[in-house]
1. Within the bounds of region 89-97, is there any residue that is without any contact (Cβ under 8 Å) to a residue 40 or more places away in the chain, within 12 Å of the ligand (Cβ to nearest atom) and surrounded by fewer than 20 Cβ atoms within 10 Å (Cβ to Cβ)?
2. Can you tell me how many residues in region 5-48 are more than 24 Å from residue 153 (Cα to Cα) and either aromatic (Phe, Trp, Tyr) or modelled with pLDDT of 95 or more (or both)?
3. Being outside any helix (DSSP H, G or I) and surrounded by fewer than 20 Cβ atoms within 10 Å (Cβ to Cβ) is the filter here, so list the residues in region 100-122 that pass it.
4. If you check 97, 51, which single one turns out to be farther than 18 Å from residue 160 by Cβ and either among the β-branched types (Val, Ile, Thr) or in a helix (DSSP H, G or I) (or both)?
5. Among the residues that make up region 63-83, is at least one of them more than 16 Å from the ligand (Cβ to nearest atom), assigned to a helix (DSSP H, G or I), farther than 23 Å from residue 156 by Cβ and at pLDDT 95 or above?
6. Does residue 42 satisfy being closer than 20 Å to residue 105 by Cβ, within 15 Å of the ligand (Cβ to nearest atom), assigned to a helix (DSSP H, G or I) and under 9 Å from the mean Cα position of the chain (by Cα)?
7. Looking at region 129-149, is at least one residue surrounded by fewer than 19 Cβ atoms within 10 Å (Cβ to Cβ), assigned to a helix (DSSP H, G or I), away from the ligand (no atom under 16 Å from the Cβ) and over 17 Å from the mean Cα position of the chain (by Cα)?
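The values are calculated or read from the model by the stated rules, or taken from the named source; none is laboratory data. Just so you know, these numbers come straight off a predicted model, no measurement behind them. Ideal geometry is used to build each Cβ from the backbone, glycine not excepted, and the neighbour counts take in all protein chains shown.
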Amino acid sequence: MPQGHIRADDPTRRRAGQAITQGVGMDATMLLRNDHQAVDRLISQLAETSAEDVQYRRLIFRLIKNELEAHSRVEEEVFYPAVMRLRSAQARESVRAALEEHQALDGLLAEMDQLEPDDPQFAARLTALRQSVDRHVLAEEGALFSEARIHLTDERLEALGRQMEMRKRDNAVVPSSDPLEPVGSRASSGPGASEPARRAVRDR
Ligand SMILES: [Zn+2]
């Protein structure tokens, strides 16, 4: 596993170090569950908007997309590789299923990105997105987390949690442009952004 480049004086590392001594670090499952809840709240928020709230829809959609992409990325870069190394066929199978669900999610996000928020298809895709997220959450918080808890110590789960937290900060891209700009106008993100990590997990 490549360990992203972290300088010794990196402030996130110091913060993580303090968290160890104070025992306030979140373990991997808590961190991922928090992400799930955040995405779920945003999806509910978006579902409550009306089609005329174009700008607001665009903004909330952008937040969902960023949140989900960051989430999938730390799962694929940190959590899933750790689970793939467990001596458990069930755990590996759960990761494979999760990776497929990530691909479905990426596809839906990319489709929504191309639609105007007042397009009736946008709401239809949102329903599909919610179902896909729900499936991901159910599968992960069920089978996958229980396998992880059976096979990994609390210390290891906490270490993975810290690693994911640091990785999320490293990956966080400060939006350089207005989040209210038309969502389809940015080509840099989209499905496949985390494909190398996914391949790395799958090819183990
Ligand atoms: Zn997840």
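1. Looking through region 89-97, none of the residues is without any contact (Cβ under 8 Å) to a residue 40 or more places away in the chain, within 12 Å of the ligand (Cβ to nearest atom) and surrounded by fewer than 20 Cβ atoms within 10 Å (Cβ to Cβ).
2. The qualifying residues number 12.
3. If the condition is that a residue be outside any helix (DSSP H, G or I) and surrounded by fewer than 20 Cβ atoms within 10 Å (Cβ to Cβ), then 115, 116, 118, 119 are the ones that fit.
4. Sole residue among the options that is farther than 18 Å from residue 160 by Cβ and either among the β-branched types (Val, Ile, Thr) or in a helix (DSSP H, G or I) (or both): 97.
5. yes
6. So residue 42 does not fit the description; no.
7. no
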